[in-house]
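What follows is calculated from the coordinates using simple rules that are stated; it is not laboratory data. If you're wondering where the values come from, they're calculated on a predicted model, not measured in any experiment. Counting neighbours? That spans all protein chains shown, and the Cβs are built from the backbone with ideal geometry, glycine included.
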Amino acid sequence: MENLIGLDEEKLKSSFIELVRRTSSVLPDDVVAKIKEYQAKEKVGTRAASALDTIMENIKLAEDGSRPICQDTGTVIFDIYHPLGLRQSALETIIRSAVADATANHYLRPNVVDPLTGMSKFDNNGVGHPAIYLKQWDEDYLKVALVLKGGGCENVGTQYSLPNTGLKAGRDLDGIKKVCLDAVVKAQGRGCAPGVLGIGIGGDRAQGYTLSKKQLHRKLDDKNENPDLAELEEWLVEKANTLGIGPMGFGGGTTLLAVKAALMDRIPASYYVSVTYMCWAYRRRFMTVKNGNVEFD
Amino acid sequence: MIKLALPTTEDEIRKLKVGDEVLLSGVIVTARDTAHKYMVEKRPDDIRDMLNGTVIYHCGPVMKQDDDGSWEVVAAGPTTSIREEIYQADVMEEYKVRGVIGKGGMGPKTLAGLKKTGAVYFHAIGGASQVLAQAVVRVPGVLKLEEFGVPEAFWSFEVKDFPVVVTMDSHGESLHDVIGAASEEKMKEILGSM
Ligand code: SF4
């Protein structure tokens with residue numbers, strides 16, 4: 001049996017299964033704290049307040065019963081940083097097998113379908129699924145980020161090419177603000193608001209979306225080190241919450257819980273703003289493995 | 001909070017207005033894509049009694065069968081309703097359905113159908129699969145299980161105080177349209193001041 005990062009294959013696999021269980025059934029503390037913060041702000045007796053109450057109750061029931069917070073357990077996305085010398089193909093095999101077992105345990109719903117035949121892959125092992133992104137880094141430990149990305153919110157994600165004449169959005173910070181606010185209005189409650197926006201500025205189309213998705217790894221209460229982006233994030237949360245869309249689009253002051261933005265360089269001809277929408281069922285967890293010790297966050 | 005017992009009547013349904021918060025009790029029936037297509041194309045008669053006066057739930061539940069053969073609901077949140085837009089109005093009229101539960105709202109054809117038939121659209125909380133599963137107290141039966149599979153079958157759920165909001169009523173009003181238009185206005189105002 002191969003020794004991977006101080007663990008044998010079986011141990012590493014069971015750690016991955018546990019990571020999936022925690023991600024699917026226990027919402028991260030920073031997300032719960034944010035929902036509570038907004039719950040306290042909505043007037044008692046409003047539709048928005050009862051929607052948030054139901055959401056909080058659901059979070060608790062899922063955690064107590066180790067059951068999926070939402071039945072759409074989404075695209076299963078692993079971002080993995082590993083030390084030099086770890087065999088990627090071995091890691092992939094372990095992850096695929098862990099995902100199959102997690103599905104059998106009902107932590108994940110069979111959620112993978114062939115686009116042409118409509119045939120379901122009952123163990124969630126399909127072409128390109130789970131999504132596994134591997135990167136070798138210079139640290140001596142393994143770090144795994146797992147996001148379960150729901151389909152309802154994925155469908156309202158979007159990408160703008162600046163300038164945008166309809167919105168009078170130019171190639172600058174104001175232009176970025178305008179298109180992002182437009183994305184929130186277009187989404188209404190359909191992404192199961194309140195949501196979080198991940199924004200990727202620059203890059204080509206594929207890089208932009210990837211960057212926007214990576215923002216989902218950030219804690220909701222962190223502060224952007226880039227002052228312009230920090231301002232963008234705050235501005236968008238504040239303005240979006242004056243739009244009156246509210247939880248599920250029922251109306252109210254809780255439309256966005258947070259915005260996280262990042263940039264990368266672009267080429268002169270292109271200026272993309274890529275927006276990923278994450279629903280309130282914000283399922284994201286981390287696992288680190290060092291010298292045979294496994295830690296979850 | 002309004003309490004509504006199912007099955008219900010056209011009179012009761014016409015009293016409901018957009019924005020009302022309602023707790024549903026009684027037997028509701030799940031139906032999604034395959035079931036809607038089947039109802040419109042085949043017009044089956046064996047589901048008439050089951051649907052008469054009650055509400056269709058857009059939901060593909062996760063179910064578990066116990067050793068004694070009875071069914072337990074593992075997760076039962078709403079699925080996106082707009083996929084049934086082409087069928088919904090016809091289904092409601094043909095089977096005298098008094099409402100649908102789903103998420104995301106529906107389009108103009110359904111809105112017109114609600115008005116004509118006397119039915120409403122109830123919005124459930126998207127993602128709240130555990131809370132909603134808990135509101136199901138019994139599973140009286142299932143139709144087309146073998147043929148359609150678990151998520152697509154017609155499941156009868158006996159629910160108690162199932163929480164929903166009326167977002168489209170039988171008078172032509174849609175909360176989705178109202179909030180959509182107001183938020184767009186607000187956005188224009190913000191963009192205009194930049
Ligand atoms: S958008 Fe999120 S909360 Fe809503 S149904 Fe999809 S996964 Fe669940």
Restricting attention to the stretch A:32-39, does a residue exist that is surrounded by fewer than 21 Cβ atoms within 10 Å (Cβ to Cβ), within 22 Å of residue A:108 (Cβ to Cβ) and touching a residue at least 40 places away in the same chain (Cβ under 8 Å)? no
For the stretch A:220-255, which residues satisfy the criterion of being within 18 Å of the chain's Cα centre (by Cα), more than 14 Å from every other protein chain (Cβ to nearest Cβ) and surrounded by 14 or more Cβ atoms within 10 Å (Cβ to Cβ)? A:220, A:224, A:233
Working only within the stretch A:36-70, note down all residues that are part of a loop (DSSP other than H, G, I, E, B) and touching a helix residue (DSSP H, G or I) at 6+ places or on another chain (Cβ under 7 Å). A:42, A:43, A:66, A:67, A:68, A:69, A:70
Take the residues in the stretch B:167-188 that are more than 10 Å from every other protein chain (Cβ to nearest Cβ) and within 16 Å of the chain's Cα centre (by Cα); name whichever of them is farthest from residue A:253 (Cα to Cα). B:170
Name the residue, out of A:23, A:73, that is assigned to a helix (DSSP H, G or I) and either surrounded by fewer than 21 Cβ atoms within 10 Å (Cβ to Cβ) or within 16 Å of the ligand (Cβ to nearest atom) (or both). A:23
When (1) within 16 Å of the ligand (Cβ to nearest atom); (2) over 28 Å from residue A:51 (Cα atoms) are applied to residue A:142, the one that fails is (1)
Where residues in the stretch B:49-72 are under 22 Å from residue B:4 (Cα atoms) and out of contact with any Lys or Arg (no Cβ under 8 Å at 6 or more places or on another chain), which of them is nearest to the ligand (Cβ to nearest atom)? B:57
Matching option when the condition is farther than 19 Å from residue A:70 by Cα, away from chain B (no Cβ under 13 Å) and either within 16 Å of the ligand (Cβ to nearest atom) or in contact with a Pro (Cβ under 8 Å, 6 or more places away or on another chain) (or both), among A:117, A:158: A:158
Somewhere in the stretch A:49-64, is a residue of a type in the set (S, T, N, Q) and touching a residue at least 24 places away in the same chain (Cβ under 8 Å)? no
Limited to the stretch A:256-273, what total is found for residues that are part of a loop (DSSP other than H, G, I, E, B) and either within 14 Å of another protein chain (Cβ to nearest Cβ) or surrounded by fewer than 17 Cβ atoms within 10 Å (Cβ to Cβ) (or both)? 6
When the stretch A:191-209 is examined, which residues are found to be in a loop (DSSP other than H, G, I, E, B) and buried (at least 19 other Cβ atoms within 10 Å of the Cβ)? A:191, A:192, A:193, A:194, A:203
Looking at (1) polar (S, T, N, Q); (2) surrounded by 20 or more Cβ atoms within 10 Å (Cβ to Cβ); (3) away from every other protein chain (no Cβ under 14 Å), which is the one condition that is false for residue A:188? (3)
Within the bounds of the stretch A:92-100, is there any residue that is within 16 Å of the ligand (Cβ to nearest atom), assigned to a helix (DSSP H, G or I) and either within 10 Å of another protein chain (Cβ to nearest Cβ) or touching a helix residue (DSSP H, G or I) at 6+ places or on another chain (Cβ under 7 Å) (or both)? no
Output the residue which, of all residues in the stretch A:127-139 that are touching a Ser or Thr at 6+ places or on another chain (Cβ under 9 Å) and not aliphatic (A, V, I, L, M), is farthest from the ligand (Cβ to nearest atom). A:133
Select the strands (runs of 3 or more DSSP E) contained entirely in the stretch B:32-146, then report the ones holding at least 2 residues which are more than 11 Å from chain A (Cβ to nearest Cβ) and within 15 Å of the chain's Cα centre (by Cα). B:55-57, B:99-102, B:120-123
Quick check on residue A:61: is it more than 20 Å from the chain's Cα centre (by Cα), among the hydrophobic types (A, V, I, L, M, F, W, C) and within 11 Å of chain B (Cβ to nearest Cβ)? yes
Within the stretch A:65-91, of all residues that are more than 11 Å from chain B (Cβ to nearest Cβ) and free of Cβ contacts under 8 Å to residues at least 40 places away in the same chain, the one farthest from residue B:133 (Cα to Cα) is A:85
Among the listed residues A:193, A:169, A:145, identify the single one that is within 14 Å of chain B (Cβ to nearest Cβ), touching a residue at least 40 places away in the same chain (Cβ under 8 Å) and not charged (D, E, K, R). A:193
Boolean, residue B:107 is surrounded by fewer than 21 Cβ atoms within 10 Å (Cβ to Cβ) and within 23 Å of residue A:251 (Cα to Cα): yes
Could you grab me the full set of residues in the stretch A:249-297 that are among the hydroxyl-bearing types (Ser, Thr, Tyr) and more than 20 Å from residue A:59 (Cβ to Cβ)? A:270, A:271, A:272, A:274, A:276, A:288
With (1) in contact (Cβ under 8 Å) with a residue 24 or more places away in the chain; (2) within 20 Å of the chain's Cα centre (by Cα) as the list, and residue A:179 as the residue in question, which single condition is left unmet? (2)
Any residue that is of a type in the set (S, T, N, Q) and in contact with a strand residue (DSSP E or B) (Cβ under 7 Å, 6 or more places away or on another chain) - is there at least one of those in the stretch A:110-126? yes
